[in-house]
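Q: Quick one: this structure, given as C-alpha coordinates, is what I'll be asking you about.
The values are calculated or read from the model by the stated rules, or taken from the named source; none is laboratory data. Quick caveat: nothing in here was measured; it's all calculated off a predicted structure. Here the Cβ is made from the backbone with ideal geometry for all residues, glycine too, and neighbour counts use every protein chain on show. Note: accessible area is taken over every heavy atom of the protein model, side chains too, but ligands, DNA and RNA are not part of it. Shrake-Rupley method; radii C 1.70, N 1.55, O 1.52, S 1.80 Å.
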Amino acid sequence: MFSRRLPPSLEPNRISRAVDAARARGPLIDLTETNPTAVGLRYPEAEILQALADPRALRYQPTPRGLPEARQAVADYYRRHGARVDPDRVFLTASTSEAYALLFKLLCDPGDRVLVPQPSYPLFELLAGLEAVEVAPYPLRYHGGWYLEIDDLRRALDPRVRAILVVNPNNPTGSYLKRAEHAQLAALAAEHELALISDEVFADYAFAPDPDRVATLVGDSPALTFSLSGLSKLVGLPQLKLGWIHVGGPPARVAEADARLELIADTYLSVGAPVQHAAARLLALVDDLGAQIAARVRRNRAAVDHAVRGTALQLLDAEGGWCALLRLPRVRSEEEWVLQLLDDGVLVHPGFFFDLPEEAYLMVSLLAEEAQLDEGVRRIVARVQSG
(Lines give C-alpha, C1' and ligand atoms only; values in the text may rest on other atoms or scores of the structure.)
Protein backbone atom coordinates (compact mmCIF):
# COMPACT_ATOMS: atom_id res chain seq x y z
CA MET A 1 0.00 0.00 0.00
CA PHE A 2 2.89 2.39 0.74
CA SER A 3 5.76 3.64 -1.40
CA ARG A 4 8.97 1.66 -1.62
CA ARG A 5 10.79 4.99 -1.29
CA LEU A 6 10.32 4.62 2.46
CA PRO A 7 12.24 2.14 4.65
CA PRO A 8 10.47 -1.22 4.80
CA SER A 9 10.40 -1.14 8.60
CA LEU A 10 10.07 1.80 11.00
CA GLU A 11 10.53 -0.31 14.12
CA PRO A 12 12.95 1.22 16.66
CA ASN A 13 16.32 -0.52 16.92
CA ARG A 14 17.90 -1.89 20.08
CA ILE A 15 19.68 1.36 20.92
CA SER A 16 16.53 3.45 20.42
CA ARG A 17 14.60 1.18 22.75
CA ALA A 18 17.40 1.36 25.33
CA VAL A 19 17.45 5.19 25.11
CA ASP A 20 13.70 5.33 25.78
CA ALA A 21 14.12 3.04 28.78
CA ALA A 22 17.06 5.09 30.11
CA ARG A 23 15.13 8.34 29.79
CA ALA A 24 12.26 6.78 31.71
CA ARG A 25 14.66 6.03 34.57
CA GLY A 26 15.91 9.61 34.81
CA PRO A 27 17.82 12.41 33.04
CA LEU A 28 20.66 11.56 30.66
CA ILE A 29 23.79 13.47 29.77
CA ASP A 30 23.02 13.84 26.08
CA LEU A 31 26.27 14.04 24.12
CA THR A 32 24.36 13.69 20.84
CA GLU A 33 22.69 17.11 21.25
CA THR A 34 23.11 19.29 18.14
CA ASN A 35 20.11 21.57 18.63
CA PRO A 36 21.68 25.00 19.17
CA THR A 37 18.52 26.35 20.81
CA ALA A 38 18.79 23.75 23.59
CA VAL A 39 22.39 24.19 24.80
CA GLY A 40 22.38 27.45 26.72
CA LEU A 41 23.49 29.92 24.05
CA ARG A 42 22.63 33.58 24.67
CA TYR A 43 20.14 34.56 21.97
CA PRO A 44 19.35 38.26 21.35
CA GLU A 45 15.66 37.50 21.58
CA ALA A 46 14.29 41.02 21.14
CA GLU A 47 16.45 41.62 18.06
CA ILE A 48 15.36 38.34 16.43
CA LEU A 49 11.68 38.90 17.15
CA GLN A 50 11.82 42.48 15.90
CA ALA A 51 13.44 41.31 12.64
CA LEU A 52 10.64 38.78 12.12
CA ALA A 53 7.95 41.44 12.71
CA ASP A 54 8.67 43.34 9.49
CA PRO A 55 5.26 44.53 8.17
CA ARG A 56 6.36 43.82 4.59
CA ALA A 57 5.78 40.15 5.39
CA LEU A 58 2.03 40.82 5.33
CA ARG A 59 2.21 41.06 1.54
CA TYR A 60 2.52 37.91 -0.55
CA GLN A 61 5.26 38.19 -3.17
CA PRO A 62 5.72 34.79 -4.84
CA THR A 63 9.31 34.77 -6.06
CA PRO A 64 10.77 31.37 -7.11
CA ARG A 65 14.39 32.27 -6.30
CA GLY A 66 13.49 34.17 -3.14
CA LEU A 67 13.11 37.87 -2.48
CA PRO A 68 15.94 39.96 -3.98
CA GLU A 69 16.87 41.58 -0.66
CA ALA A 70 17.18 38.17 1.01
CA ARG A 71 19.40 36.85 -1.78
CA GLN A 72 21.48 40.02 -1.49
CA ALA A 73 21.88 39.28 2.23
CA VAL A 74 23.28 35.86 1.32
CA ALA A 75 25.67 37.45 -1.19
CA ASP A 76 26.78 39.92 1.50
CA TYR A 77 27.48 37.05 3.89
CA TYR A 78 29.83 35.49 1.34
CA ARG A 79 31.45 38.85 0.58
CA ARG A 80 32.35 39.23 4.26
CA HIS A 81 34.02 35.83 3.96
CA GLY A 82 36.02 36.80 0.89
CA ALA A 83 33.84 35.21 -1.82
CA ARG A 84 32.12 37.17 -4.59
CA VAL A 85 28.54 36.04 -5.19
CA ASP A 86 25.96 37.28 -7.69
CA PRO A 87 22.57 37.33 -5.89
CA ASP A 88 20.98 36.10 -9.12
CA ARG A 89 22.89 32.82 -8.68
CA VAL A 90 21.22 32.22 -5.28
CA PHE A 91 18.05 30.19 -4.71
CA LEU A 92 16.44 30.32 -1.27
CA THR A 93 15.02 27.12 0.24
CA ALA A 94 13.19 26.23 3.43
CA SER A 95 16.17 24.15 4.60
CA THR A 96 19.27 22.39 3.36
CA SER A 97 17.25 19.17 3.29
CA GLU A 98 14.81 20.82 0.88
CA ALA A 99 17.77 22.04 -1.17
CA TYR A 100 18.86 18.42 -1.64
CA ALA A 101 15.34 17.44 -2.69
CA LEU A 102 15.25 20.21 -5.30
CA LEU A 103 18.68 19.28 -6.65
CA PHE A 104 17.87 15.58 -6.86
CA LYS A 105 14.77 16.54 -8.86
CA LEU A 106 16.88 18.77 -11.08
CA LEU A 107 19.72 16.33 -11.75
CA CYS A 108 18.32 12.80 -11.49
CA ASP A 109 15.72 10.50 -12.98
CA PRO A 110 14.36 7.61 -10.89
CA GLY A 111 17.10 5.00 -10.46
CA ASP A 112 19.98 7.44 -11.04
CA ARG A 113 22.77 7.68 -8.47
CA VAL A 114 24.57 10.27 -6.42
CA LEU A 115 28.00 9.58 -4.92
CA VAL A 116 28.17 10.40 -1.20
CA PRO A 117 31.14 10.36 1.20
CA GLN A 118 31.58 7.58 3.71
CA PRO A 119 31.60 8.25 6.64
CA SER A 120 28.94 10.92 6.57
CA TYR A 121 25.58 11.91 7.98
CA PRO A 122 22.92 9.21 7.43
CA LEU A 123 20.23 11.58 6.17
CA PHE A 124 21.43 11.48 2.56
CA GLU A 125 20.18 7.98 1.80
CA LEU A 126 16.68 8.84 3.00
CA LEU A 127 16.57 12.19 1.18
CA ALA A 128 17.72 10.55 -2.04
CA GLY A 129 15.37 7.60 -1.60
CA LEU A 130 12.38 9.91 -1.27
CA GLU A 131 13.26 11.20 -4.76
CA ALA A 132 13.68 7.62 -6.10
CA VAL A 133 17.44 8.23 -6.34
CA GLU A 134 20.14 5.83 -5.14
CA VAL A 135 23.29 6.72 -3.22
CA ALA A 136 26.64 5.07 -3.77
CA PRO A 137 29.51 5.63 -1.31
CA TYR A 138 33.05 6.77 -1.87
CA PRO A 139 35.44 6.47 1.08
CA LEU A 140 37.15 9.15 3.13
CA ARG A 141 40.40 7.70 4.37
CA TYR A 142 42.18 8.38 7.66
CA HIS A 143 45.91 8.46 8.26
CA GLY A 144 46.63 11.08 10.90
CA GLY A 145 43.94 13.15 9.13
CA TRP A 146 41.06 12.60 6.72
CA TYR A 147 41.50 12.78 2.94
CA LEU A 148 39.94 11.54 -0.27
CA GLU A 149 41.59 9.65 -3.11
CA ILE A 150 40.37 10.65 -6.57
CA ASP A 151 40.85 7.06 -7.77
CA ASP A 152 38.21 5.95 -5.24
CA LEU A 153 35.77 8.29 -6.92
CA ARG A 154 36.72 7.07 -10.37
CA ARG A 155 36.03 3.50 -9.31
CA ALA A 156 32.62 4.50 -7.95
CA LEU A 157 31.48 6.02 -11.25
CA ASP A 158 29.01 4.24 -13.49
CA PRO A 159 26.59 5.42 -16.21
CA ARG A 160 23.83 6.10 -13.67
CA VAL A 161 25.85 8.56 -11.55
CA ARG A 162 24.65 12.15 -11.98
CA ALA A 163 26.33 14.03 -9.14
CA ILE A 164 29.06 13.91 -6.51
CA LEU A 165 28.19 15.15 -3.04
CA VAL A 166 30.79 16.57 -0.68
CA VAL A 167 30.27 17.79 2.88
CA ASN A 168 32.75 20.54 3.63
CA PRO A 169 33.64 20.20 6.43
CA ASN A 170 32.41 16.66 6.70
CA ASN A 171 30.04 15.58 9.44
CA PRO A 172 31.26 13.74 11.52
CA THR A 173 34.94 13.72 10.48
CA GLY A 174 35.41 17.50 10.56
CA SER A 175 37.63 17.37 7.46
CA TYR A 176 37.72 20.10 4.80
CA LEU A 177 38.52 19.72 1.12
CA LYS A 178 42.05 20.76 0.24
CA ARG A 179 42.86 22.76 -2.86
CA ALA A 180 44.41 19.83 -4.72
CA GLU A 181 41.45 17.59 -3.84
CA HIS A 182 38.98 20.19 -5.07
CA ALA A 183 40.87 20.67 -8.34
CA GLN A 184 40.87 16.92 -9.01
CA LEU A 185 37.22 16.59 -8.00
CA ALA A 186 36.06 19.45 -10.23
CA ALA A 187 38.09 18.12 -13.17
CA LEU A 188 36.60 14.64 -12.72
CA ALA A 189 33.07 16.03 -12.55
CA ALA A 190 33.58 18.17 -15.64
CA GLU A 191 35.13 15.26 -17.54
CA HIS A 192 32.10 13.06 -16.88
CA GLU A 193 29.48 15.86 -17.04
CA LEU A 194 28.54 15.42 -13.40
CA ALA A 195 27.38 18.06 -10.95
CA LEU A 196 29.10 18.80 -7.65
CA ILE A 197 26.90 19.37 -4.59
CA SER A 198 28.76 20.93 -1.66
CA ASP A 199 27.12 20.97 1.77
CA GLU A 200 28.84 23.82 3.63
CA VAL A 201 26.62 24.29 6.68
CA PHE A 202 29.56 23.88 9.09
CA ALA A 203 32.05 25.91 7.01
CA ASP A 204 32.39 28.70 9.57
CA TYR A 205 33.50 26.36 12.35
CA ALA A 206 37.17 25.67 11.62
CA PHE A 207 39.32 25.05 14.68
CA ALA A 208 42.35 26.80 13.17
CA PRO A 209 43.30 28.53 9.89
CA ASP A 210 44.77 26.55 7.01
CA PRO A 211 45.75 28.24 3.71
CA ASP A 212 45.42 24.91 1.87
CA ARG A 213 41.77 24.55 2.87
CA VAL A 214 38.80 25.19 0.57
CA ALA A 215 36.16 26.77 2.80
CA THR A 216 33.52 27.03 0.06
CA LEU A 217 33.05 25.83 -3.51
CA VAL A 218 31.46 29.17 -4.40
CA GLY A 219 33.63 30.55 -7.19
CA ASP A 220 34.95 29.59 -10.61
CA SER A 221 34.82 25.90 -11.46
CA PRO A 222 34.94 23.76 -14.62
CA ALA A 223 32.02 21.73 -13.21
CA LEU A 224 28.43 22.71 -12.52
CA THR A 225 28.55 23.29 -8.74
CA PHE A 226 25.84 23.79 -6.15
CA SER A 227 26.92 25.17 -2.75
CA LEU A 228 24.47 24.79 0.15
CA SER A 229 24.18 26.50 3.51
CA GLY A 230 21.64 28.23 5.75
CA LEU A 231 20.68 29.79 9.07
CA SER A 232 20.47 26.48 10.92
CA LYS A 233 24.19 26.17 11.70
CA LEU A 234 25.58 29.60 10.79
CA VAL A 235 23.53 31.46 13.41
CA GLY A 236 21.97 28.58 15.35
CA LEU A 237 18.41 29.18 14.12
CA PRO A 238 17.17 25.90 12.58
CA GLN A 239 13.55 26.71 13.46
CA LEU A 240 13.42 29.71 11.11
CA LYS A 241 13.81 27.47 8.05
CA LEU A 242 16.00 29.37 5.63
CA GLY A 243 18.64 27.74 3.50
CA TRP A 244 20.05 28.42 0.07
CA ILE A 245 21.70 27.02 -3.03
CA HIS A 246 24.40 28.91 -4.92
CA VAL A 247 24.77 27.84 -8.56
CA GLY A 248 28.23 28.11 -10.11
CA GLY A 249 30.29 26.67 -12.92
CA PRO A 250 30.49 27.10 -16.72
CA PRO A 251 28.08 29.89 -17.78
CA ALA A 252 26.15 27.78 -20.29
CA ARG A 253 25.58 25.00 -17.74
CA VAL A 254 24.65 27.53 -15.06
CA ALA A 255 22.06 29.10 -17.36
CA GLU A 256 20.49 25.70 -18.07
CA ALA A 257 20.44 24.78 -14.40
CA ASP A 258 19.04 28.17 -13.38
CA ALA A 259 16.05 27.93 -15.69
CA ARG A 260 15.17 24.42 -14.60
CA LEU A 261 15.76 25.05 -10.90
CA GLU A 262 13.56 28.13 -11.07
CA LEU A 263 10.73 26.03 -12.50
CA ILE A 264 11.08 23.49 -9.67
CA ALA A 265 11.25 26.20 -7.01
CA ASP A 266 8.23 27.97 -8.50
CA THR A 267 6.26 24.76 -8.06
CA TYR A 268 6.73 24.87 -4.27
CA LEU A 269 7.40 28.50 -3.18
CA SER A 270 8.15 27.10 0.26
CA VAL A 271 10.18 29.86 1.94
CA GLY A 272 8.15 32.07 4.29
CA ALA A 273 8.05 35.84 3.88
CA PRO A 274 8.97 36.81 7.48
CA VAL A 275 12.33 35.03 7.44
CA GLN A 276 13.18 36.40 4.00
CA HIS A 277 12.57 39.97 5.08
CA ALA A 278 14.60 39.30 8.24
CA ALA A 279 17.48 37.58 6.42
CA ALA A 280 19.93 40.48 6.46
CA ARG A 281 19.51 41.10 10.19
CA LEU A 282 19.62 37.40 11.02
CA LEU A 283 22.77 36.72 9.00
CA ALA A 284 24.45 39.61 10.81
CA LEU A 285 24.17 37.44 13.94
CA VAL A 286 27.12 35.39 12.65
CA ASP A 287 29.24 37.80 14.70
CA ASP A 288 27.25 36.98 17.86
CA LEU A 289 25.62 33.57 17.75
CA GLY A 290 28.08 32.14 15.25
CA ALA A 291 30.95 33.35 17.44
CA GLN A 292 29.36 31.80 20.53
CA ILE A 293 29.03 28.45 18.77
CA ALA A 294 32.60 28.61 17.46
CA ALA A 295 33.94 29.33 20.95
CA ARG A 296 31.86 26.49 22.40
CA VAL A 297 33.02 23.81 19.96
CA ARG A 298 36.68 24.85 20.23
CA ARG A 299 36.57 24.86 24.02
CA ASN A 300 34.80 21.50 24.14
CA ARG A 301 37.19 19.87 21.69
CA ALA A 302 40.12 20.98 23.83
CA ALA A 303 38.34 19.56 26.89
CA VAL A 304 37.80 16.19 25.20
CA ASP A 305 41.42 16.11 24.05
CA HIS A 306 42.66 16.80 27.59
CA ALA A 307 40.32 14.23 29.15
CA VAL A 308 41.29 11.30 26.90
CA ARG A 309 45.07 11.81 26.75
CA GLY A 310 46.93 8.92 28.27
CA THR A 311 43.82 6.69 28.20
CA ALA A 312 42.73 3.86 25.93
CA LEU A 313 40.62 6.34 23.96
CA GLN A 314 41.91 8.15 20.88
CA LEU A 315 40.47 11.47 19.68
CA LEU A 316 40.65 11.46 15.89
CA ASP A 317 42.09 14.47 14.14
CA ALA A 318 39.57 17.03 12.86
CA GLU A 319 39.73 20.51 11.37
CA GLY A 320 36.30 21.84 12.29
CA GLY A 321 32.61 21.14 12.73
CA TRP A 322 30.55 20.21 15.75
CA CYS A 323 31.64 16.59 16.31
CA ALA A 324 34.41 14.68 18.05
CA LEU A 325 35.13 11.10 17.03
CA LEU A 326 36.58 8.79 19.68
CA ARG A 327 38.21 5.48 18.79
CA LEU A 328 37.58 2.82 21.44
CA PRO A 329 39.31 -0.44 22.31
CA ARG A 330 37.83 -3.25 20.25
CA VAL A 331 36.96 -5.34 23.26
CA ARG A 332 33.25 -5.06 22.52
CA SER A 333 31.01 -3.78 19.72
CA GLU A 334 29.98 -0.16 19.30
CA GLU A 335 26.44 -1.11 20.19
CA GLU A 336 27.61 -2.70 23.44
CA TRP A 337 29.68 0.39 24.31
CA VAL A 338 26.67 2.64 23.69
CA LEU A 339 24.38 0.43 25.80
CA GLN A 340 26.88 0.32 28.67
CA LEU A 341 27.25 4.10 28.58
CA LEU A 342 23.48 4.42 28.77
CA ASP A 343 23.69 2.48 32.03
CA ASP A 344 26.17 5.18 33.12
CA GLY A 345 23.66 7.89 32.18
CA VAL A 346 25.44 9.06 29.01
CA LEU A 347 24.01 9.09 25.49
CA VAL A 348 26.41 8.99 22.52
CA HIS A 349 26.13 7.96 18.87
CA PRO A 350 27.85 4.77 17.67
CA GLY A 351 30.21 5.06 14.72
CA PHE A 352 28.05 2.84 12.52
CA PHE A 353 25.40 5.58 12.59
CA PHE A 354 27.75 7.47 10.25
CA ASP A 355 29.04 4.43 8.31
CA LEU A 356 32.47 4.64 9.92
CA PRO A 357 34.85 1.75 9.19
CA GLU A 358 34.48 -1.47 11.14
CA GLU A 359 36.20 -0.38 14.30
CA ALA A 360 34.81 0.87 17.59
CA TYR A 361 33.97 4.59 17.47
CA LEU A 362 31.76 6.97 19.38
CA MET A 363 30.59 10.40 18.25
CA VAL A 364 30.34 13.18 20.83
CA SER A 365 28.64 16.49 20.05
CA LEU A 366 30.88 19.48 20.76
CA LEU A 367 27.82 21.71 20.98
CA ALA A 368 26.80 20.27 24.35
CA GLU A 369 26.87 22.55 27.38
CA GLU A 370 30.37 22.63 28.88
CA ALA A 371 29.54 21.08 32.24
CA GLN A 372 27.49 18.34 30.59
CA LEU A 373 30.26 17.53 28.15
CA ASP A 374 32.94 17.46 30.84
CA GLU A 375 30.96 15.08 33.05
CA GLY A 376 29.86 12.91 30.14
CA VAL A 377 33.40 12.49 28.84
CA ARG A 378 34.63 11.76 32.37
CA ARG A 379 32.11 8.89 32.53
CA ILE A 380 33.14 7.62 29.09
CA VAL A 381 36.78 7.54 30.18
CA ALA A 382 35.88 5.77 33.44
CA ARG A 383 33.87 3.14 31.56
CA VAL A 384 36.67 2.50 29.06
CA GLN A 385 39.37 2.41 31.74
CA SER A 386 37.34 -0.11 33.73
CA GLY A 387 37.39 -2.41 30.74
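Q: Which value, in Å³ per residue, describes the convex hull spanned by the Cα atoms of the stretch 210-302? The partial results should precede the final answer.
A: Numbers: hull volume 12.2 nm³, N = 93.
That works out to 131 Å³ per residue.
Q: How big is the charge dipole of the stretch 297-386 about its Cα centre, in debye rounded to the nearest 20, if each Lys and Arg gets +1 on its Cβ and each Asp and Glu gets -1 on its Cβ?
A: Numbers: 10 positive and 15 negative charges, 64 e Å.
The dipole of the stretch 297-386 has a size of about 300 debye.
Q: Then there's this: Roughly how many whole Å is it from the C-alpha centroid of the stretch 276-326 to that of the stretch 21-36?
A: A separation of 20 Å, based on Cα centres.
Q: For the stretch 280-387, take the alpha-carbon Rg, divide it by the Kirkwood Rh, and send me Rg/Rh.
A: Values: Rg = 15.0 Å, Rh = 14.6 Å.
Rg/Rh: 1.03.
Q: Among DSSP beta bridges lying fully in the stretch 88-157, give the percent that are antiparallel, nearest 5. Don't skip to the end; give the middle numbers.
A: Details: 2 of 8 bridges.
Of those bridges, close to 25 percent are antiparallel.
Q: Compute the helix-to-body angle for 273-283: its Cα long axis versus the longest principal axis of the chain, expressed 0 to 90° and rounded to tens.
A: Its long axis makes an angle of about 60 degrees.
Q: Right, here's the next one. Give me the lysines in straight-line cross-link reach of K105: C-alpha distance below 28 Å, same-chain residues under 8 apart excluded.
A: Qualifying lysines at Cα under 28 Å: K233, K241.
Q: Find out how many positive minus negative residues lie around L28, taking Lys and Arg as positive, Asp and Glu as negative, among other residues whose Cβ is under 14 Å from that of L28. It would help to have the intermediate numbers written out before the result.
A: Details: positive: R23, R25, R379; negative: D20, D30, E33, D343, D344, E369, E375.
Its environment carries a net charge of -4.
Q: Could you order peptides 273-285, 74-86 by the average number of other Cβ atoms within 10 Å of their residues, highest first?
A: 273-285, 74-86
Q: Roughly how many Å is it from the Cα centre of the stretch 171-234 to that of the stretch 42-114, as a whole number?
A: A separation of 18 Å, based on Cα centres.
Q: With Cβ to Cβ distances under 11 Å as the rule, what net charge do the other residues near S229 carry (K, R +1; D, E -1)?
A: Details: positive: K233; negative: D199, E200, D204.
It works out to a net charge of -2.
Q: Report for the chain the percent antiparallel among DSSP-assigned beta bridges with both residues inside it, nearest 5. It would help to have the intermediate numbers written out before the result.
A: Numbers: 24 of 44 bridges.
Just about 55 percent of them are antiparallel.
Q: Another question, then. What distance in nm separates the two pseudo spin-label positions at L58 and E11, each 7 Å out from Cα along the beta-carbon direction?
A: 5.5
Q: Once both axes come from the Cα atoms, what is the angle between helix 289-308 and the longest principal axis of the chain, in degrees from 0 to 90, rounded to 10?
A: Value to nearest ten degrees: 30.
Q: Something else about it: What's the Kirkwood radius of the stretch 113-247 in Å, using all Cα pairs? Intermediate results must be reported in sequence, preceding the final value.
A: Working: mean 1/r = 0.0653 Å⁻¹.
Mean inverse Cα-Cα distance, inverted, gives 15.3 Å.
Q: For V135, enumerate residues with amide H under 5 Å from its amide H, sequence gap 5+ or separate chain, H modeled in the peptide plane.
A: So V135 has HN proximity to V114.
Q: Tell me what the chain gives for mean residue ellipticity at 222 nm when only DSSP H runs of n ≥ 4 count, each as -39,500 (n - 2.57), the sum divided by the residue total, rounded to 500 deg cm²/dmol.
A: -12000 deg cm²/dmol
Q: Which whole-Hz couplings ³J(HN,Hα) result when phi for each residue of the stretch 247-263 is put into the Karplus expression 6.51 cos²θ - 1.76 cosθ + 1.60, θ = phi - 60°, listed in order with x for Gly and Pro?
A: So the Karplus estimates, Gly and Pro as x, are 9, x, x, x, x, 5, 5, 4, 4, 5, 5, 4, 4, 6, 5, 5, 4 Hz.
Q: Tell me which residues come under 5 Å, amide H to amide H, from G320 once H is placed; ignore anything under 5 positions away on its chain.
A: Result for G320 returns F207.
Q: Quick one: Karplus J couplings for the stretch 229-244, per residue in order, coefficients 6.51, -1.76, 1.60, θ = phi - 60°, nearest Hz, x for Gly and Pro?
A: My calculation for the stretch 229-244 gives 7, x, 5, 3, 9, 4, 10, x, 10, x, 6, 8, 6, 9, x, 7 Hz in order.
Q: Further, regarding this structure: Across the stretch 55-69, in residue order, what do the Karplus-derived ³J(HN,Hα) couplings come to in whole Hz, using 6.51 cos²θ - 1.76 cosθ + 1.60 with θ = phi - 60° and x for Gly and Pro?
A: Values per residue, Gly and Pro as x: x, 5, 5, 6, 9, 7, 10, x, 10, x, 7, x, 4, x, 5 Hz.
Q: What does the charge add up to near L373, with Lys and Arg as +1, Asp and Glu as -1, over the other residues with Cβ less than 15 Å from its Cβ?
A: Values: positive: R296, R298, R299, R301, R378, R379; negative: D30, E33, D305, D344, E369, E370, D374, E375.
After counting each charged neighbour, the total is -2.
Q: Skipping prolines and chain starts, which residues have an amide H placed within reach, meaning under 5 Å, of the one on H349, given they are 5 or more residues away or on another chain?
A: Counting only residues 5 or more places away or on other chains, the set is M363.
Q: Once you have the Cα-Cα distance between D212 and E69, take 0.36 nm times their residue separation minus that, and quote the gain in nm to one decimal.
A: Working: separation 143, 0.36 × 143 = 51.48 nm, distance 3.32 nm.
Here the segment from D212 to E69 would lengthen by 48.2 nm.
Q: Carbon and sulfur together cover what percent of the accessible area of the stretch 31-94 at a 1.4 Å probe radius? Before the final figure, lay out the partial values.
A: On the way: 1790 of 3650 Å².
So the carbon and sulfur contribution to the accessible surface is 49 percent.
Q: Just the accessible area per residue of the stretch 14-143, please: how many Å² with a 1.4 Å probe?
A: Ligands and nucleic acids excluded, the figure is 52 Å² per residue.
Q: Over the Cα atoms of the chain, what Rg and Dmax result, in angstrom?
A: 21.1, 63
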